[in-house]
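> Dropping a structure here in structure tokens format, bear with me for questions.
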Amino acid sequence: MPDEKVFCVRPDDVLHDTIEGETVVIDLRSGTYFRFDGAATHAWTILVGRATEDELVDRLAAAYAGPREMIADQVHDFLLALYRDGIIYREETSAGAQVDPVAGPGLVAPDAPRDAFAGLALERFDHLRAMAGAPPAAKLPFDGLTLNRFEDLDELLMIDPVHEVGDAGWPHRQDAD
């Protein structure tokens, strides 16, 4: 029997934003922050709307090309890491909750057009199609659910994003010469 508990993002002191496909999550309680992109950003978007582990696997497997078992293993590890850090929690599903089978919980109203995401035309941003609940034109390659975890928020805020960033991008400092 599948686990019917849903994963939810802690609402009060977890801040998150996604800009140009990259998500940053900050735990104001601990000062820990996370950065991820690609399929991990898609997974986070689903979690914001609440989902069981099976729902998350189903939706990612529908959007990304990759072996379902590999996606399921990475989803499990992703959820476990966020759960251990207290970013997400689990609760029983409410008996009367209605979930749009295409869009999933809380992402797109059932009557919303499937060709737009936050007012953006999806043909210009194909990577947003899956997040909007529309099927992608073609499945995207599954790039894994990499979760970058950082503990020193003060150091992050002190990095000069123009002059001190290395080839790996922000928030990684460039090597000292």
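> Could you check the spin-label model distance between Ala81 and Phe150? Points 7 Å from the Cα along Cα→Cβ, value in nm.
Here the modelled spin labels are 1.5 nm apart.
> What whole-number value in Å² describes the accessible area per residue of segment 31-94 for a 1.4 Å probe?
It amounts to 40 Å² per residue over segment 31-94.
The values are calculated or read from the model by the stated rules, or taken from the named source; none is laboratory data. This is a predicted model, so every value here is computed, not measured. Heads up, the Cβs are rebuilt from the backbone with ideal geometry, glycines too, and the neighbour counts pull from every protein chain shown. What goes into the accessible areas is simple: the full protein's heavy atoms, side chains included, and nothing from ligands, DNA or RNA. Shrake-Rupley method; radii C 1.70, N 1.55, O 1.52, S 1.80 Å.
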